[in-house]
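Colleague: Dropping the structure in here first, questions after.
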Amino acid sequence: MNDERSPLARHFMTVWQRRGGRIETPTSQAAARLRVLLTLRELGVREILARPSAASLLPGLAEALADAGIALSQPERERLRAELTVGLTDAAAGLATTGSLVLAGPSVGAWLPALLPVYLIVLLPITRLFNDLVAWQRAQKAEDPVSVLIIGGPSMSADLEWHAHTGMFGPRQLHVLLLPPPETTA
Amino acid sequence: MPADPSTRQALYRLGQLVERRPPLSPELPSAAGEARRRVLAELETYLHRFEAQARAQGMQVWRAEDYQEADRLVIERIRASGCTEVLRNHSPLFDEIALDRAAAGNGVELIPIHPGDHYLKLTGAPPLHPIWSSAHLGLRHLATAMARAWKVPPSFDPDLLAGTARLRLRTLLLAAKVAVIGVHFAVAADGRLVCLDNDGHNAHLIALAGHLICLVGIEQVVADIADLELLIRAFSLGAWGQDQAHYVGIIAGPQRTADGPQQVDVILLDNGRRRALAAGLTAALACIGCGACHAVCPVYRQVGAMAYGRHARSGPIGAVLNPVMWPERRTQDQPYLSSGCRACATVCPVGIDLPELLARQRRHAAVSASWEERLVFWLWQRLLPYPRLFIPALRLAFRLVRRA
């Protein structure tokens, strides 16, 4: 694990797990690819909703998924498919203080793979860990403000006589893969 | 009049949830309160900055002086879109401006997408609390209403009911064209709008609806991202006892691609807020609407939200603001809806000294009371030590108050 980011990573992991989120720290990009494949095989899906930038974050992932017979479907607002129960996305940042994920981009349509599925896999490079939202904002080069979605846990509702229901609108399970920096991988 | 037993039971349970939370760190209420007061001290400057930035992002911005103007602006925007069924999120602002009623009167159905608000619509019940709107609805009552409205077999299994609601609400979301959104914060520095929740309904509305009509109270403007981060934490702690809401959606205006909303309208609502500022209630307007004070207030737990009025704020903060913001709604006696126990002050994540504000409003009410009312209280004070005189005097006092 990158020394400079280690304290942030430890803090992020602690808070994330306290909220019931799943997190893993593959030691290499090959291990991360394998983790994605095994998870999807465990879930028994043949097609997932994926943000294009997520697949490109792990070189070779798209090909490996294709070889395994798993199709990547891009979200299109006009033709949404509610039956896709697994999503794959990348996070623009992980905020250690609050243990939350930041999804950012020029379009809110990019949020859809993180909102619609029941099970969400999030690829978070360790280099994208920041202390808080302000630290992340300072590190941004773009002048124009972007639409941002901050995810701090699964979709929860307790509106039915206090009965806690997970996965009310968005994912029931959030699975973060904290990716090592590319230069340290084999 | 006391609230019905199921409401009192739900409020008691809510109070227990809040009382069991770990105490707030002393730094948070003072820092968050300072962030709110800094903006309120120069509200017009920050509002202009927000308007300029929001317009630069491609949003259209309007100002509504009162609730009628806000209703008119929202309905005009909906009509222009050609939709008659519009989704809305969960926000106390809609009750404040009676938007559901105004929309229905204009042939538009506003469909709440927040599960709690949707359950309220199914049962016709009023909300319980600014955050936990439907916690007082009994499972059986709700199950029956769901079965009748959705033509599904009745079930009393909460998981099954929630699953059925999920399917219904997601189907509505996937077909969303226009959404009316009550916003939690508006950021002056960059013109962005912010919505928080734990279930994700706001993020879905933002990502799926092509046209967003956003309602913002003028006091909800925050200076910048640093203040926003602080206030997100304050709101999350006050509303749910968490460091961070599970979903925070930050909208930067209409999208440049086909994905996301193509039109974002923003309506800045005054509706008595400037009157409250002019009356020296800046400290009360620092409220972020998390509802923590409601949950611990022993008076609120007995009387419920409706005692404050269907279209007014409820709880201790309502008792302070309602008489000034909406005097025409028979709210003058509300500062007396308090036991003076200070429980509200200990849980407020922005450090509002509600007991002091309530005492202030009571003093104000006493000074502006009618001579009959003042006479009653003078007699009360004099006769209380003499029981033989007290009872007949009390009867006389009631008669006088009724006449007044």
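Colleague: Does B:THR45 satisfy the criteria of being under 20 Å from the mean Cα position of the chain (by Cα) and of a type in the set (Ser, Thr, Tyr)?
Modeller: no
Colleague: What's the total number of residues in the stretch B:17-37 that are surrounded by 14 or more Cβ atoms within 10 Å (Cβ to Cβ), part of a helix (DSSP H, G or I) and either touching a Cys at 6+ places or on another chain (Cβ under 8 Å) or touching a residue at least 60 places away in the same chain (Cβ under 8 Å) (or both)?
Modeller: So the answer is 10.
Colleague: Could you say whether any residue in the stretch B:80-97 is touching a Leu at 6+ places or on another chain (Cβ under 6 Å) and either surrounded by fewer than 21 Cβ atoms within 10 Å (Cβ to Cβ) or more than 18 Å from B:ILE181 (Cβ to Cβ) (or both)?
Modeller: There is no residue in the stretch B:80-97 that is touching a Leu at 6+ places or on another chain (Cβ under 6 Å) and either surrounded by fewer than 21 Cβ atoms within 10 Å (Cβ to Cβ) or more than 18 Å from B:ILE181 (Cβ to Cβ) (or both).
Colleague: Another one. Can you name the residue in the stretch B:251-285 that is free of Cβ contacts under 8 Å to residues at least 60 places away in the same chain and among the β-branched types (Val, Ile, Thr) and is also surrounded by the fewest Cβ atoms within 10 Å (Cβ to Cβ) among such residues?
Modeller: Residue satisfying both the conditions and the ranking: B:THR257.
Colleague: Given the structure, is A:ILE121 more than 7 Å from every other protein chain (Cβ to nearest Cβ), outside any helix (DSSP H, G or I), among the aliphatic types (A, V, I, L, M) and surrounded by 20 or more Cβ atoms within 10 Å (Cβ to Cβ)?
Modeller: The answer is yes for A:ILE121.
Colleague: Output the qualifying pairs, or none if there are none: Cβ atoms under 6 angstrom, residues six or more apart or on different chains, first residue in the stretch B:183-201 and in contact (Cβ under 8 Å) with a residue 24 or more places away in the chain and among the charged types (D, E, K, R), second residue buried (at least 24 other Cβ atoms within 10 Å of the Cβ) and part of a loop (DSSP other than H, G, I, E, B).
Modeller: Short answer, once both residue conditions are applied: B:ARG192/B:ALA252; B:ASP199/A:SER155; B:ASP199/A:MET168; B:ASP199/A:PHE169.
Colleague: From the list B:GLN361, B:GLN381, which residue is among the polar types (S, T, N, Q) and closer than 30 Å to B:PRO29 by Cβ?
Modeller: Being among the polar types (S, T, N, Q) and closer than 30 Å to B:PRO29 by Cβ holds for just one of B:GLN361, B:GLN381, which is B:GLN361.
Colleague: Shifting gears a bit: For B:VAL180, only one of the following conditions fails: (1) buried (at least 24 other Cβ atoms within 10 Å of the Cβ); (2) outside any strand (DSSP E or B). What is its number?
Modeller: With (1) buried (at least 24 other Cβ atoms within 10 Å of the Cβ); (2) outside any strand (DSSP E or B) applied to B:VAL180, the lone miss is (2).
Colleague: Taking the stretch A:31-64, which residues are farther than 16 Å from A:VAL122 by Cα and of a type outside the set (Lys, Arg)?
Modeller: Listed by number, the residues that qualify are A:GLU42, A:GLY44, A:VAL45, A:GLU47, A:GLY60, A:GLU63, A:ALA64.
Colleague: What is the number of the single condition among (1) in contact (Cβ under 8 Å) with a residue 12 or more places away in the chain; (2) of a type in the set (Phe, Trp, Tyr); (3) more than 29 Å from B:ALA56 (Cα to Cα) that A:TRP162 does not meet?
Modeller: Here A:TRP162 meets the rest and fails (1).
Colleague: Conditions first: (1) surrounded by fewer than 15 Cβ atoms within 10 Å (Cβ to Cβ); (2) of a type in the set (A, V, I, L, M); (3) over 21 Å from B:HIS184 (Cα atoms). B:ALA41 passes all but one, so which condition is the exception?
Modeller: With (1) surrounded by fewer than 15 Cβ atoms within 10 Å (Cβ to Cβ); (2) of a type in the set (A, V, I, L, M); (3) over 21 Å from B:HIS184 (Cα atoms) applied to B:ALA41, the lone miss is (3).
Colleague: Within the stretch B:107-121, work out how many residues are touching a helix residue (DSSP H, G or I) at 6+ places or on another chain (Cβ under 9 Å), within 12 Å of chain A (Cβ to nearest Cβ) and either of a type in the set (Asp, Glu) or over 19 Å from B:LEU174 (Cα atoms) (or both).
Modeller: Total meeting the criteria: 2.
Colleague: Give all pairs with beta carbons closer than 9 Å in which a residue from the stretch A:6-21 that is farther than 13 Å from A:LEU174 by Cβ meets a residue that is part of a helix (DSSP H, G or I); count only pairs at least 6 apart in sequence or on separate chains.
Modeller: Every condition considered, the pairs that remain are A:SER6/A:ILE126; A:LEU8/A:ILE126; A:ALA9/A:ILE126.
Colleague: Within the stretch A:92-112, work out how many residues are surrounded by fewer than 24 Cβ atoms within 10 Å (Cβ to Cβ) and not in a strand (DSSP E or B).
Modeller: Residues in the stretch A:92-112 being surrounded by fewer than 24 Cβ atoms within 10 Å (Cβ to Cβ) and not in a strand (DSSP E or B): 7 in total.
Colleague: Look through the stretch A:53-84, keep the residues that are more than 12 Å from chain B (Cβ to nearest Cβ) and not hydrophobic (A, V, I, L, M, F, W, C), and return whichever of them is nearest to the chain's Cα centre (by Cα).
Modeller: Filtering the stretch A:53-84 for residues that are more than 12 Å from chain B (Cβ to nearest Cβ) and not hydrophobic (A, V, I, L, M, F, W, C), the one nearest to the chain's Cα centre (by Cα) comes out as A:SER53.
Colleague: Among the residues of the stretch B:205-243 satisfying the criterion of being over 22 Å from B:PRO112 (Cβ atoms), more than 9 Å from chain A (Cβ to nearest Cβ) and aliphatic (A, V, I, L, M), which is surrounded by the fewest Cβ atoms within 10 Å (Cβ to Cβ)?
Modeller: B:ALA223
Colleague: Right, next: For the stretch B:281-293, check the following and say yes or no: at least one residue is closer than 16 Å to B:VAL194 by Cβ, more than 7 Å from chain A (Cβ to nearest Cβ) and over 19 Å from the mean Cα position of the chain (by Cα).
Modeller: Checking the stretch B:281-293: not a single residue is closer than 16 Å to B:VAL194 by Cβ, more than 7 Å from chain A (Cβ to nearest Cβ) and over 19 Å from the mean Cα position of the chain (by Cα).
Colleague: Being farther than 25 Å from B:CYS287 by Cα and in contact with a Ser or Thr (Cβ under 9 Å, 6 or more places away or on another chain) narrows it down to one residue among B:ALA102, B:ALA80, B:ALA125; which is it?
Modeller: The conditions single out B:ALA125.
Colleague: Any idea which of B:ARG79, B:ARG101 is basic (Lys, Arg) and in contact (Cβ under 8 Å) with a residue 24 or more places away in the chain?
Modeller: One residue alone meets the criteria, B:ARG79.
Colleague: Please enumerate the residues belonging to the stretch B:49-71 that are more than 14 Å from chain A (Cβ to nearest Cβ), of a type in the set (D, E, K, R) and within 12 Å of B:ALA186 (Cβ to Cβ).
Modeller: Selection gives B:GLU51 alone.
Colleague: Restricting to the stretch A:22-39, name every residue that is free of Cβ contacts under 8 Å to residues at least 60 places away in the same chain and either in a loop (DSSP other than H, G, I, E, B) or buried (at least 18 other Cβ atoms within 10 Å of the Cβ) (or both).
Modeller: Answer for the stretch A:22-39, where residues must be free of Cβ contacts under 8 Å to residues at least 60 places away in the same chain and either in a loop (DSSP other than H, G, I, E, B) or buried (at least 18 other Cβ atoms within 10 Å of the Cβ) (or both): just A:ARG33.
Bear in mind that the values in this text are calculations on the coordinates, not laboratory data. Keep in mind it's a predicted model, so treat the numbers as computed, not measured. All Cβ positions, glycine included, derive from the backbone under ideal geometry; neighbour counts span all protein chains shown.
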